[in-house]
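Some notes on the structure that comes next.
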Amino acid sequence: MSSKQPKKGDALDVPSPPNTNSNKRKQNKKRKRSATKTTSDDHDVKSSNGNNWSSGSYPYPVDYNDHFETPQRAYADIYPLLRYCLQKHKKSNKEEAIIYDPYFCTGTAATLMEQTFKSNKDKSPLPCPTRIHHKKADFYVDVQQNKFPQYDILVTNPPYSSNHKERCLDFVVNQLKKNGRPFFLLMPNYVSTKEYWRKITQNIQVVFIAPSTSHPYEYNHPEGTGHEKSPFESVWFCGVSGNEDMKALKDAFIKFHSKHTSTPIPRWAESLQGLIQVGGVSGEKRKNPRQRKKMRLLAMQKSGAGGAAAGPPPSSAQVTNTALPSSGQKKDGKPKKKFDRRKQNSAKKAKKKRLNSGNDM
């Protein structure tokens, strides 16, 4: 005699509904939803193919454009700096260090960081045990409630939309000044030219790490969609304590990459002017979205007319010196009739005068 155990939530005295196709479909949907919910909170979710990402599965508002994942090579570029900071700031090689990444996409960031650490374990290991704290949580709520981890280093690629960059900068600079906690933020290179960057980062030592000119960082979206190439270049914005020995830090960076890196060495800069000199950012003022769109369209038309293979539009920095049509010309090259406001005003006055004179008669 067999007895069937009731499922959680079922009434003991109510029989289960008949096992119809409709009920099977509903049960399968419930299983899929519960499975997604239980596996997406861990930091080691290895999903970058778009199957496990959904904007509705986050406990905070998300933007499609904010979910492009950091490539592993970006972590490899700053590895010697992470190692240097841990070696200097940890009191004991047995004490566990915490690396904090507060912005969660699919968990791939922590997985790639761990892979970077493991790949350097034999040639240049980290000086102490390290744990990566990377959870699906509302970063701003955690900060407000003081629930964020007592980390040693913050490494993240913050969302670029809205004011996330400014809010993140406020937090990390405050933590650096109060507790001496270094930060590494992967952000668009144009942030270095912004007034908010200059104001927030006053009185701290900053290092910019830009990828080599021949190997810019490229990003993948969990859905497998988006542009083939990024419309702008990204740079690591690294904040270290105000009394840091910059020469020792730079020597450790160059020594590691000269010895262990097969690809071109990333570029190093300690100021905006230095970043401009190494080609990490353009010294010209960034154009507004309408101007950038016009430049991209012009570049695409130019490449099509020249018989070049079709491809994604280049970044604004690549077409900065391209001649744009003057305001007196149309796109097809025909002269555009100039608008003369004085003539328009004169015509309005004449019309008004005729109407007034007609009323007086």
Peptides ranked, highest mean first, by Cβ atoms within 10 Å: ranges 100-108, 71-79: 100-108, 71-79
Net charge of Cβ neighbours under 13 Å - reference I204; Lys, Arg +1; Asp, Glu -1: +2
Length added when fully stretched, R167-M246, from 0.36 nm per residue minus Cα-Cα: 25.8 nm
Tensor-based shape of the range 241-288 (alpha-carbon gyration tensor, a/c under 1.5 rounded, otherwise prolate or oblate): oblate
K302 versus E218: modelled label distance in nm, points set 7 Å from Cα along the beta carbon direction: 2.2
Shape call, the range 73-142: gyration tensor on alpha carbons, a/c limit 1.5: oblate
For a label point 7 Å along the Cα-to-beta-carbon line of T263, residues of the range 153-178 with backbone N under 17 Å: 157
Protein accessible area in the range 88-204, 1.4 Å probe - carbon and sulfur %: 44
Accessible area expressed per residue, the range 70-218, with surrounding protein chains retained (probe 1.4 Å, Å²): 43
FRET efficiency estimate (nearest 0.05) - Cβ-Cβ, V141 to Q344, R0 56 angstrom: 0.55
Out-of-range pairs (alpha-carbon distance over 22 Å; input K118/K165; K118/K255; K121/K255; K121/K177; K118/K259): K118/K165; K121/K177
Heavy-atom accessible area order for H260, H89, largest first, 1.4 Å probe: H89, H260
By average C-beta atoms within 10 angstrom, highest first, the peptides 145-151, 169-175: 169-175, 145-151
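The values are calculated or read from the model by the stated rules, or taken from the named source; none is laboratory data. The structure displayed is predicted, hence computed values, not measured ones. Cβ coordinates were reconstructed from backbone atoms using ideal geometry, including for glycine residues, and neighbour counts include every protein chain displayed. Heads up: the accessible areas ignore ligands, DNA and RNA and are worked out on the full protein's heavy atoms, side chains in. Shrake-Rupley method; radii C 1.70, N 1.55, O 1.52, S 1.80 Å.
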